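**Q** If you scroll down you'll find the structure; I have some questions about it.
The values are calculated or read from the model by the stated rules, or taken from the named source; none is laboratory data. Nothing here was measured: the structure is a model prediction, and the numbers come from that model. Using ideal geometry, Cβ is built from the backbone for each residue, glycine included, and neighbour counts are taken over all protein chains shown.
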Amino acid sequence: MGSKERIQRLKEETRANILDAALKIVKEEGWQALSMRKIADKIEYTAPIIYEYFLNKEAILFELTRQGYVKLGKAIKAAKNKFAKTDEQLEAMWTAYWNFAFKNKEFYQLMFGVDMMCCEQKKSMPEVDYLDNLFFDTIKELMSAEQPEEGMVCRKYYTFWSIIHGLISINMVNKGRDEEMNQHILKDALKGIIKYINE
């Protein structure tokens, strides 16, 4: 390996270490506790070195938000690919979304602003478009009209999202119901919306 490749690899490792340290801080203390100083202390670097890789804390939040959408997109795609029937795909996709939220709580809080300020820059991320399109395309397939209006597809997507995201938020912030009850509510909501779209 040449010196250029070695230097590049070290830069990538340092960048990854900074992001890992940020996530560890968040898991231990919450998003509000995150600071450039704490990240530097965690990986035993000086703060100026952190600024060589990320302009500010918002740049770190942006990158972690992007990574969260990549992880969520992969989980949703994998869930969809397990089924052939569109209604089963859609139910599996939203269940994967639910599972992601609780397995990756810190990412979800950052991505969707649960109990914190939301990252506004996500609007410019292709990873967000990829995720939205996975859902939009599947909903469009499920709708009985040959070419459903874009506005109608969008409305159905936001019906799903508002119910699932609302349930997740309730559970993250107020602890909600027990897991068995949550699963019943989730399944009832998904099956109800899918049945309504199919009619």
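**Q** What single numbered condition from (1) outside the structural domain of F136 (by TED's automatic domain parsing); (2) within 30 Å of G166 (Cα to Cα); (3) in contact (Cβ under 8 Å) with a residue 40 or more places away in the chain fails to hold for E106?
**A** For E106, the exception is condition (1).
**Q** If you check every pair at least six apart or on different chains, which have Cβ atoms under 8 Å apart with a residue in segment 74-90 that is under 17 Å from K140 (Cβ atoms) first and a residue that is among the acidic types (D, E) second?
**A** Going by the 8 Å Cβ cut-off, the qualifying pairs are T86/E141.
**Q** Then there is this: Would you confirm, using the coordinates I've provided, whether Y158 is of a type in the set (F, W, Y), modelled with pLDDT of 90 or more and exposed (fewer than 15 other Cβ atoms within 10 Å of the Cβ)?
**A** Yes, satisfied.
**Q** In the list I76, I39, I50, which residue meets the criterion of being touching a Leu at 6+ places or on another chain (Cβ under 6 Å), assigned to a helix (DSSP H, G or I) and either modelled with pLDDT under 95 or among the β-branched types (V, I, T) (or both)?
**A** Being touching a Leu at 6+ places or on another chain (Cβ under 6 Å), assigned to a helix (DSSP H, G or I) and either modelled with pLDDT under 95 or among the β-branched types (V, I, T) (or both) holds for just one of I76, I39, I50, which is I76.
**Q** For segment 55-69, what are the residues that are modelled with pLDDT under 95 and either over 26 Å from the mean Cα position of the chain (by Cα) or of a type in the set (F, W, Y) (or both)?
**A** Across segment 55-69, the qualifying residue is only F62.
**Q** Would it be correct to say that F102 is surrounded by fewer than 19 Cβ atoms within 10 Å (Cβ to Cβ), of a type in the set (F, W, Y), assigned to a helix (DSSP H, G or I) and modelled with pLDDT under 95?
**A** Yes: the conditions hold for F102.
**Q** Given the options A33, A22, A40, A47, name the one that is outside the structural domain of V128 (by TED's automatic domain parsing), over 30 Å from D132 (Cβ atoms) and surrounded by 15 or more Cβ atoms within 10 Å (Cβ to Cβ).
**A** A40
**Q** Another one. Would you confirm whether any residue within segment 77-85 is over 16 Å from Q109 (Cβ atoms), surrounded by fewer than 19 Cβ atoms within 10 Å (Cβ to Cβ), outside the structural domain of G192 (by TED's automatic domain parsing) and of a type in the set (F, W, Y)?
**A** No, the conditions are met nowhere in segment 77-85.
**Q** Which residue out of I139, I197, I164 is crowded, with 16+ Cβ neighbours inside 10 Å, of a type in the set (A, V, I, L, M, F, W, C), at pLDDT below 90 and in contact with a Leu (Cβ under 8 Å, 6 or more places away or on another chain)?
**A** Of the residues listed, the single one that is crowded, with 16+ Cβ neighbours inside 10 Å, of a type in the set (A, V, I, L, M, F, W, C), at pLDDT below 90 and in contact with a Leu (Cβ under 8 Å, 6 or more places away or on another chain) is I197.
**Q** While we're here: Could you say which residue among Y108, Y97, Y51 is among the aromatic types (F, W, Y) and either more than 19 Å from the chain's Cα centre (by Cα) or more than 30 Å from L186 (Cβ to Cβ) (or both)? Spell out how you get there, then give the answer.
**A** Working: Y108 fails: either more than 19 Å from the chain's Cα centre (by Cα) or more than 30 Å from L186 (Cβ to Cβ) (or both); Y97 fails: either more than 19 Å from the chain's Cα centre (by Cα) or more than 30 Å from L186 (Cβ to Cβ) (or both).
Of the residues listed, the single one that is among the aromatic types (F, W, Y) and either more than 19 Å from the chain's Cα centre (by Cα) or more than 30 Å from L186 (Cβ to Cβ) (or both) is Y51.
**Q** Which one is modelled with the lowest pLDDT, of the residues in segment 1-17 that are within 14 Å of Y53 (Cβ to Cβ) and aliphatic (A, V, I, L, M)?
**A** Checked segment 1-17; the qualifying residue modelled with the lowest pLDDT is I7.
**Q** Would a scan of segment 112-125 turn up a residue that is modelled with pLDDT of 90 or more and either surrounded by fewer than 18 Cβ atoms within 10 Å (Cβ to Cβ) or within 24 Å of W31 (Cα to Cα) (or both)?
**A** Within segment 112-125 (the criterion being modelled with pLDDT of 90 or more and either surrounded by fewer than 18 Cβ atoms within 10 Å (Cβ to Cβ) or within 24 Å of W31 (Cα to Cα) (or both)), the answer is no, since none of the residues qualifies.
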